[in-house]
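Here's the structure, in structure tokens; my notes come after.
Derivation of every value follows stated rules applied to the coordinates shown; laboratory data play no part. A quick note: this is a predicted structure, and the numbers were derived from the prediction, not measured. In this analysis, Cβ positions are derived from the backbone assuming ideal geometry, glycine residues included, and neighbour counts consider all displayed protein chains.
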Amino acid sequence: MAPMIPFNASEITEKARRDLLLLLEGIRGKKNLVLEKALAGTLNLLVKFSTLQEYGVDKPFFLENDNVDSSQRNVVFLIRGEKATTVTAVANQIKRLRRESQTEHEFSIFWVPRRTLVSNQLLEEAGVLGEASVSEWPLFFVPLADDVLSLELDDAVEDLYLRKDPTSIFLAAKALMLQQQKYGLFPRILGKGDNGKRLADLLIRMRTEVTAGEAPGGTGPSFLGLTPSSMIDSLIIIDREVDFPTVLLTQLTYEGLIDEVFNIAANQTEVDASVVGGAASQPGQTGSASTSLKRKVLIDPKDQLYSTLGDSNFAIVGNLLNKAARRLQSSTERNQLAAKTTAELREFVAKLPGYQAEQASLKLHTSLAEEIIKFTHADVFTRSLEVQQNIMSGIDPATQHETITELINRDIPLPTILRLLCLESTTNAGLRHKDLEMFKRAVIQAYGPQHILTLSSLEKMNLLQPRGGSGLGATPAAKPGTVTNYTPLRKSLRLWDDEVNETEPNDISYTFSGYAPLSVRLVQSIIQKQTLANIIKPPSDPRAAAQANPLAQGLRIFDDATKYVKGATFDERQAGEEKALKARSMLNGSHNDAAKTIVVFYLGGVTRAEISALRYIGGKLKEVGGEGRGSRIVICSTNMVRGSSLVGSAIEAGRFKA
Amino acid sequence: MSKPTANWEKLGDKFYRKIQLYTAVFDQDLELENYHVVGAPYSGAVAIYRDENKIIAYRGAQANKASIDIYSCAGKLIRRLNWEKGTIKGLGWSEDEELLVVTEDGTVRCYYDLQGDFVPFSLGHGAEEHLVQSCRFYGSGFVALLGNNNLISVTSYSEPRPKLLAIPPSDPIISWSIIPPAYSLSRSVEVILAIGKTLYVVDATEAEDRNFDAGPFRHISVSPRGEFLAFYTDDGKVWVVSGDWSDKLSEYDSKVKTVPKDMQWCGSNAVALAWEDEVHLIGPRSAATKFYYDAWIHLLPDVDGLRLLTNDVCEYLQKVPDDTVDVFRLGSDSPAANLLEASSLLDQKSPKADDLIQLIRPNLAEAVDTCIKAAAHEFNIHWQKALLRAASFGKSVLDLYSSDDFVDTCDTLRVLNAVRFYEIGLPLSYDQYRRLTPEKLVERLTNRNEYLLALRVASYLQLPTSHIHSHWAQQKVRVSTDTEEDICSLIVKKLHGKPGISFEEIAHAAYDEGRVRLATELLNYEPRAGKQVPLLLNMKEENIALDKAIESGDTDLVFHVLLHLRKKLPLASFFRVINSRPVATALVESSALDQDRELLKDLYYQDDRRLDGSNLLLTEALGQSSLTQSLDKLKLASKYLSDSRDSPAQFQRQALDDASKLLRLQEQFEKDLGPRDNAPIASTSSSFIGLSAHQTIFELLRQGHTKRAQKVQSEFKIADKTYTWLKLRALVNARHWNELEEMAKAKKSPIGWEPFFNEVLAAGNTRVASVFVPKCTHLDVKERVDMWSKCGLLVKAGEEAFRAKDRGLLEEVRGKASGSAAVELERLIGMLPAGRR
């Protein structure tokens, strides 16, 4: 038996695929598929359209377009059922189709990831519940890479921080619970942030519920499933609210910049066709082909070239591309020349497809990088980056106001401005009242009165607020734990690194060319204490480096740091029954010291730069003799997030009409 | 001890045995002949009810009350169901020991436990009109015959969907039977009807005449697995036909004039005919044997045999299993028989024991197996022991033998003997037990309220016990007369912390019984908050339900409760309920924003959330399609805040008023200037309306309406810097180079001159850009040199460097130059004295 790996990406993908195909198989004959736009990317990631066709899918439609036709008798809806609006939309379309169509349709609804009571209620009220056969597609985690699992809840940020709707916390808990049932409990759950605490509480609560609800008959595996896992080290939950600045900053890794410039959704990005040129179009896209000259490009984490590029700072991507190009050239050319014997020739020919793929990938990334360079060389980009870097390094933010005002006057895109303002507010516990009003007025005047709503939403999300809380101004200094105080943190966690090395990274600060993301530092303070301690307080004697740095004891850094960070801190241990524990250790043999999995869960989204930083730590942990003993880090999140989408969830899209 | 073969009967070359299970089964007063008797499969309970067509001695009003009585096989009354719901036309059991009662009007009641709780459903398909005549049951369903010869089939009791089968001819039906779907060729239920002289086979699609002429057939019986069909003809003959109708296997002449009252299969090898007190057992090749009783006899068929029930005894008639025959048959010289003999000799300390063992040595393993199997099939404890002892003895002689079967059989026999005990009355045979499965056996015990035995069996066989516990608790809350506190504490004491216990189910039972307080109390112990919600809603405890839903973290549940509340409560109380619960409020807000704005307005008003209320009005203003409506809404939004004195509200009010002002100005411009052409902001409407203040100024300047632009500037107190920027960008955008050059004549610019240079250069006009270079006096030489170079004016760049006497820079510029510029630059370098230093 192959060793079980918890949070195994391919296993999860395979299961999700099978589940869906089984559901499709359950409906005889050809069918039209109606899906939510938000699910299209995910679906494409899991199942090829050609496979769907094999399973009888005739034409795909988007729910949002409300255009499903009556060409097939079977109509299948693939929809997330948590929101009342989508449920109502489904009900309306069923009603419309029933009214308009001559044929008698068979409706099926696959709720993702679960069938909800509310959906039942709403469908019943609409009078369509009886007509549709309802099932669920339990799709929780969607693997984006081997070590990145996302719930792909696009609304998570808006729901959590603007609308305070905890649905995503519940779904996250469910998803984690499924993993726990399979691989055992997280022996330890710790983290930071109020929503994170809620998630941890839910997990603990669900554990008792699962024990209580254990189906009679299922004695074996589930009983063992609810003992601490021997393969998982811990679950670290980071609430996005704890660390908004990291999202607001411009990501400077290659993947991060692709995301900033072109936006990545479900490992796909849309790039102007002129940029990528004649790259082979991907047949079988789910969804209708866009009429514009945009081309979808798959950012494949399994691509060999990309895997070396993605996590690097953009500053060195040019070099890496250069190197790759030369290697490719030399390996093809020299081989051609040296291929003397037929055996060698055959070997070379066998490698050719690999070379071609690599060449295609090289071409794609070179053109992408070129496009990004254009972006980064723009004056606006450098100016806003300058402001970001100054704010993060702790310079008095008031000095940056002039630049921000100028950027507003230059009418640069609103999200960029909002990112800067929010960055200042979140790192300095709010803006001074006077400044805030000035900027608010400026934004309203520059971008339109509809942004009164935008600003108020940002304030609700605690992204842009007056110093001292949003109260009457009479409130004295904010209570500890309600805001993050960066001044002590910069020192105690060494958030700013002046000697950043982008080429040969020696610290996670390379991802932002100086700033070490707070969230990752917190993770580091738990799983890589020794290294972090040495970074914060380099030992006087280099030989003593290996010795215990007093800072590295227990959770000292973590405890010290979290005092200054907003939100609840929690640290729970999940113990199991002794007997079961023994049974498990007997079953699994004694590979107790072997590589364990550390799960880092970002509630409210994770940025690509943070992933890179965590991968960097993961790489260090794996090194022989490192303190991690070969641990593996798996990054889970509710969704992928970038600065523009964070502030974007607040931006009011409407405007006054004539 | 009597011989094990004492109750054996030879039938052809096979042996049958009649095992006396229980004696003194029924009260002697019970006139069993006047009752219908049906037994549940796998030696389950027996239900009897009085045959309405027969006259019965009047015993006073009390005894005359109609009822269905459920007895165990040993005659212990399990339950009496008082019956006043109409004429019963069908009574039967499912394999899960659910009692089905079909009344004449087509109502089916499924008593899913033995406690008298039932789920009713109706047959439909004209059953009310034509009335049900009779029913035939099988493991998981039944078929009902209506007065008009229509047949209705029900295949599942959990989700009953009565289906009409094909319509047979409407001639009177003499007798009928069914082949269960599991054993029919078509895998769906088939009905055999005896009509006239022939037989019809009916399934869902067709009624097929089998073209027999030996009828009329008085009885039809299908063997337990559908392999054989038996027919009793009018002239007293029994025909046996194979299940696929291909062969007629045997014909037996009973030579009796009266038609038997019943004909049933005994296992799959023999047919039993029953008259009032006489049973004929007919085996293959017309071999037959007869049993006589002194009381009315009922036949209860089972999968591997036949139970015979009279007032006095309950007997089990089955073919003797082969293994048992092997061991016990008179004169058997099989190894197993020898092993048994050896074992008994060993008990007598006879040395012959060893001789015997040596004799069968080569077949010893087989002998042990046979003994174990025979023990399993044995009902008599004495012989069970003897056989097991023999097996154990044989085992000990063998070098290598897996004892698993032996251990299993011991376990099983212990359980079987326990449930066969007369107080329990489940005389399961070994085969029945295997088919029933231990889990189902535990369930049956639980349904009989034999909790202690159920728990013992479950723990002995390592089965989960949660179901037993919760059944016990449910029963407790239903029938216990203790005070509610006592019941609750007793249940909690026993069950709390046990895995798999659903307190919600127990609470539900209590609630159904009308014990609301107890239900509430018990519900508190349910660890799954989500589970509690539906019951709490039923109990009209909405507030608690809401709290529990929030506790569970499942927003779906919260939302569910909220929808419920919203429908039930007046608005004011609804708000009161959600007010103290932030999660609920958030959910209401977020869903109302999409669906029910009015609700949201009321909510904000009640909570005095002025800012949110005004924001909502602003949202609505944005949604309006005409400007006047938008302005009205804006005014409302602003008025909403008129009472608030705090600074955010003040600011918001100001901003809203500004917005109205701006819109009015824009409206004015629109009127004055007409629709603009080629709007720079593509894809938006080509009008001023909806633009921001900056965009308005930009647009005005672009179109050259400087006065108006200035008016907007002063109206909104827009800073000079900003204005300059806007002007610069607007002019560049409109390519008004002259005006830009005009601007360059000004002494000072609020934003310096560098932006001018950059913007113009970005627009591609190097000539105009160069105009601004000399004005950037605060920049250092190198930057200015760069600027010149960017304009392509290398000579100017050189001059700049020359003025600063910077040789290095000059040479750098020289490097870029060519042609005449190069010469000129060369000259400048030459003029520079510093180089020689």
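Tabulated data for the structure shown
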| item | result |
| --- | --- |
| Shape metrics for the protein assembly as shown, restricted to C-alpha atoms - Rg then Dmax, Å | 43.3, 149 |
| Cα convex hull of the range B:31-164 - mean projected area over all directions, nm² | 8.1 nm² |
| Residue exposure sequence - B:Thr696, B:Thr87 - by fewest surrounding Cβ within 10 Å | B:Thr87, B:Thr696 |
| 10 Å Cβ shell holding at most 10 others, DSSP loop, trypsin sites (Lys or Arg not before Pro): longest site-free stretch of chain A | A:341-658 |
| For the range A:354-442: rounded, prolate or oblate by the Cα gyration tensor [a/c cutoff 1.5] | prolate |
| Chain B: mean projected area of Cα convex hull, nm² | 69.9 nm² |
| Inter-chain shielding of B:645-651 (mean C-beta neighbours from other protein chains, 10 Å cut-off) | 4 |
| Loop chymotrypsin sites (Phe, Trp or Tyr not before Pro), the range B:352-452 (other Cβ atoms within 10 Å of the site Cβ: 16 or fewer; DSSP) | B:Phe421 |
| Considering only the protein assembly as shown, percent of DSSP beta bridges that pair antiparallel, nearest 5 | 75 percent |
| Intensity falloff of chain A expressed as log10 I(q)/I(0), Debye formula with alpha-carbon point scatterers, at q = 0.07 Å⁻¹ | -0.51 |
| For the range A:479-516 versus the range B:266-310, the gap between their alpha-carbon centres in whole angstrom | 91 Å |
| Rg ratio (alpha-carbon, reference 2.2 N^0.38 Å) - the range B:185-331 | 1.10 |
| Per DSSP, loop trypsin sites (Lys or Arg not before Pro) in the range B:530-595 with at most 13 further Cβ within 10 Å | B:Lys540 |
| Label point at B:Lys10 placed 7 Å out along Cα→Cβ; residues across the range B:299-331 whose backbone nitrogen lies under 18 Å | B:319-322, B:324-331 |
| Loop-located GluC sites (Glu not before Pro) in the range B:74-176 whose Cβ has at most 11 other Cβ within 10 Å (DSSP) | B:Glu84 |
| Charge tally in the Cβ shell below 9 Å around B:Ser122, where Lys, Arg are +1 and Asp, Glu are -1, B:Ser122 excluded | -2 |
| Residues B:Ser552, B:Ser403 arranged by fewest to most Cβ contacts within 10 Å | B:Ser403, B:Ser552 |
| Ascending count of other beta-carbon atoms within 10 Å, so fewest first, for B:Glu33, B:Glu315 | B:Glu33, B:Glu315 |
| Kirkwood Rh, Cα atoms: Rg over Rh of the range B:321-399 | 0.93 |
| Percent RCO, i.e. relative contact order, over chain A, from Cα pairs under 8 Å lying at least 6 residues apart | 18 percent |
| C-alpha center-to-center spacing [the range A:76-147, the range A:420-460] in angstrom | 40 Å |
| Euclidean distance between Cα centres, the range B:5-45 to the range B:768-821, Å | 120 Å |
| B:Asp347 versus B:Lys567: modelled label distance in nm, points set 7 Å from Cα along the beta carbon direction | 7.2 nm |
| Three-way shape label, the range A:9-139, alpha-carbon gyration tensor, a/c 1.5 | oblate |
